[in-house]
């Protein structure tokens, strides 16, 4: 595990340096979905400090078992509004916010927990029907809604491009999200509450995280390359 993590961190650092970025600006989210708590503990002891989970019930059990470890838990799966109350209690950051309805429910639950919930907007760049995510044209309205909420703080955006064997084919989707972020920062964010930031870009997985870093990723979600193939 430690050797795998060392290799991944070396690849992250090289990808960042090759495009003139500080490697410290890229953070590794170790995707631990379906992995038992013992395996996740091994990853934490090897140096992982951010863990990504997709399923509420599974995450709740793991977070409870590993509560004595100081790590940040990120929810990266599709989140239904009726599960928001659990996500707010469990996670430091929610990557997959894609509707006004979900924003309002997260805000409501965060207020109950006396918390400001950090979120990312999931953007469906490719327009795939089978994937969640807000359409690019809907982002300004969603950001405006968030800016009016006291217990939700947007810190960036996330995307999942179509699956390709070749990471170069995913690159245009990463670039599009970064360009969209840059445009919004220049033309729109000044109109909103300071709680709205788009500094973070969550994009790139085991097969294409280097291309994502070269296009501006600050959070890369890597699972298989750390934990091995899932059963």
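Quick note: the coordinates plus some simple rules give every number you see, no bench work behind them. From a predicted model like this one, the values you see are computed outputs, not experimental measurements. Please note: Cβ atoms are built from the backbone with ideal geometry, for glycine as well, and neighbour counts cover all protein chains shown.
Model label sites at residue 42 and residue 206, defined 7 Å from Cα along the beta-carbon direction, differ in position by 1.4 nm. Note on the range 196-212 and the range 63-104: Cα centroid distance 19 Å, given to the nearest whole angstrom.
Helical content alone sets the calculated 222 nm signal of the chain at -12500 deg cm²/dmol, taking -39,500 (n - 2.57) per DSSP H segment of four or more residues and averaging over every residue. Put a dot 7 Å past the Cα of residue 179, heading toward its Cβ, do the same for residue 135, and the two dots end up 2.0 nm apart.
Fully extending the segment from residue 187 to residue 126 would add 19.7 nm, taking 0.36 nm per residue of separation and subtracting the current Cα-Cα distance.
By the count of neighbouring beta-carbon atoms within 10 Å, fewest first, 180, 35 end up ordered 180, 35.
Each of 27, 95 has some number of other Cβ atoms within 10 Å of its Cβ, and from fewest to most they run 27, 95. Summarising the label geometry, the points placed 7 Å from Cα in the beta-carbon direction at residue 197 and residue 70 lie 2.0 nm from one another. Put in order of Cβ neighbour count within 10 Å, fewest first, the listed residues 224, 218, 159 become 224, 218, 159. Take the convex hull of the alpha carbons in the range 82-165; its mean projected area over all directions comes to 5.8 nm².
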